[in-house]
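Heads up, the thing below is written out as structure tokens.
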Amino acid sequence: SFAADLYTMELAAELEDRLRNGGVLPLFSSDCPAWVKHVEQRFPDYIPNLSACKSPQQMFGAIISNYYTKMFHVKLDDLYTVSAMPCTARKFESKREQMTQKGISDVDAVLTTREFVQFIRLNGIDTHQLEPEIADFPFHVQSSAGKLMGVSGGLTESLVRTFYQRITGKDMSQPRINELRNIKDYKEYHIKIGEFKLGFAVVNTVKQTARIIEELKAGRDDIHFIEVMACPYGCVNGGGQPFAEDMNAIKTRIKFIYDNDEKDPIKTAHKNPAIADLYREFLGTPGGELSKSL
């Protein structure tokens, strides 16, 4: 979720840059590796529309390799990074050539959440007997917006919140976007932010992408950002998740994320103090040269 906040910050900067400087639009989300691969294989003409941002998993790997190692004086050769993800495609993503430095992957191994649960059980760990702990410094704070990215439409909701503040200098009076909080295969949201009249589309499963792609080919130009998640309902129902026996189980996962957003005092990526520290102490600014190179 910390890395999801980082992704949101960089994505908002990229969207503004494309809007102001005549970049390729609409901007396609890049956090779902199955969707990225789908574009590469099925719609290669639209590769320039894909965000240049790595996924949160890969951003985090790069930050750990280049920032955490220096902060705690860890040799890169001694570092081994494992992520636990709701997604099977993350395994492939971590091994992509673009995700390595000098032949070393930023993320060494990926466990699906199903595998992670099996690992816990095999080792006889009773999670109900463990005291809750916050994540380790310096990545110990996450916004509820970062956690929203687990559901279809949540990425766009997180992006709009931070993009609004980036352009206007103010936070949205109502950060909750009801138009994006349903389980439809396709949804749209239109909003005026500063001088920009923007359209956002959210596509649930890659099967549904053919519709919006055909509309773009036909000349549609009122959509500026498109979020696609390959798995129905988003990562809460990812290919690596514990199998949901019925729709109620998926709805329960979704409700948990939305309930958390209502209660969490930090609802936007830009209000995450740990993210602010990372930019102040290391990255500089979202969309800056160091961010781009990493």
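The values are calculated or read from the model by the stated rules, or taken from the named source; none is laboratory data. Predicted, not measured: the structure shown is a model, and the values here were computed from it. Glycine gets a Cβ as well: all are built from the backbone with ideal geometry, and neighbour counts include every protein chain shown. Keep in mind that these areas ignore ligands, DNA and RNA; they rest on the heavy atoms of the full protein, side chains included. Shrake-Rupley method; radii C 1.70, N 1.55, O 1.52, S 1.80 Å.
Once Rh for the stretch 168-294 is found with the Kirkwood sum over Cα pairs, what is the Stokes-Einstein diffusion coefficient at 25 °C and 0.890 mPa s, in µm²/s?
The Stokes-Einstein estimate is 139 µm²/s.
Scan the stretch 31-110 for trypsin sites (Lys or Arg not before Pro) in coil per DSSP, keeping those whose Cβ has at most 15 other Cβ atoms within 10 Å, and list them by number.
Sites meeting the loop and neighbour criteria: Lys75, Lys95, Arg96, Lys102.
With a cap of 14 neighbouring Cβ atoms within 10 Å, and only residues DSSP puts in a loop, list the GluC sites (Glu not before Pro) found in the stretch 185-273.
When the GluC sites (Glu not before Pro) of the stretch 185-273 are filtered for loop state and at most 14 Cβ neighbours within 10 Å, Glu195, Glu245 remain.
For the stretch 46-128, which chymotrypsin sites (Phe, Trp or Tyr not before Pro) are in a loop by DSSP, counting at most 11 other Cβ atoms within 10 Å?
In loop regions of the stretch 46-128 (DSSP not H, G, I, E or B), the sparsely surrounded chymotrypsin sites (Phe, Trp or Tyr not before Pro) are Phe72, Tyr80.
For the pairs Lys187/Lys217; Lys192/Lys217; Lys95/Lys263; Lys37/Lys217; Lys37/Lys192; Lys187/Lys251, note any where the Cα-Cα span goes beyond 29 Å.
Lys95/Lys263; Lys37/Lys192
So, with +1 on the Cβ of K and R and -1 on the Cβ of D and E, and no other charges, what is the size of the charge dipole of the stretch 1-45 about its Cα centre, to the nearest 20 debye? Could the numbers behind the result be given before it?
Working: 4 positive and 8 negative charges, 36 e Å.
My answer is approximately 180 debye.
Quote the accessible area belonging to Glu281 in square angstrom, nearest 10, computed with a 1.4 Å probe and with ligands, DNA and RNA left uncounted.
Roll a 1.4 Å probe over it and Glu281 shows about 110 Å².
Just to verify a number: what accessible area does Asp264 come out at with the full protein assembly present, 1.4 Å probe, Å² rounded to tens?
Counting only protein heavy atoms, the figure is 20 Å².
Among Val202, Val74, Val39, whose mean-square fluctuation peaks in a Gaussian network model of the chain (Cα, cutoff 10 Å)?
Largest GNM mean-square fluctuation: Val74.
First compute the accessible area of the chain with a 1.4 Å probe, then give the percent of it belonging to carbon and sulfur atoms.
Exposed carbon and sulfur together represent 53 percent of the surface.
Tell me, what is the per residue accessible area of the chain in Å², probe radius 1.4 Å?
For the chain, the per-residue accessible area is 51 Å².
Skipping prolines and chain starts, which residues have an amide H placed within reach, meaning under 5 Å, of the one on Val228, given they are 5 or more residues away or on another chain?
Those qualifying (amide H under 5 Å, at least 5 residues apart or on another chain) are Ser29, Val203.
Where the centre of each part is set by its Cα atoms, how far does the stretch 184-230 sit from the stretch 145-179, in angstrom?
Cα centroid to Cα centroid, the span is 16 Å.
Quickly work out the Asn21-to-Gln118 label distance, labels modelled 7 Å from Cα along the C-beta direction, and quote it in nm with one decimal.
4.6
Taking 0.36 nm per intervening residue step and subtracting the Cα-Cα distance, what contour gain separates Ala84 from Glu40 on full extension?
13.3 nm
Anyone know which of Gly103, Gly124, Gly23 comes out most mobile in the 10 Å Cα GNM of the chain?
Per the Cα network of the chain with a 10 Å cutoff, Gly124 tops the list.
Taking the alpha-carbon set of the chain, what are its Rg and Dmax in Å?
Just the Cα atoms of the chain yield Rg and Dmax of 18.7, 58 Å.
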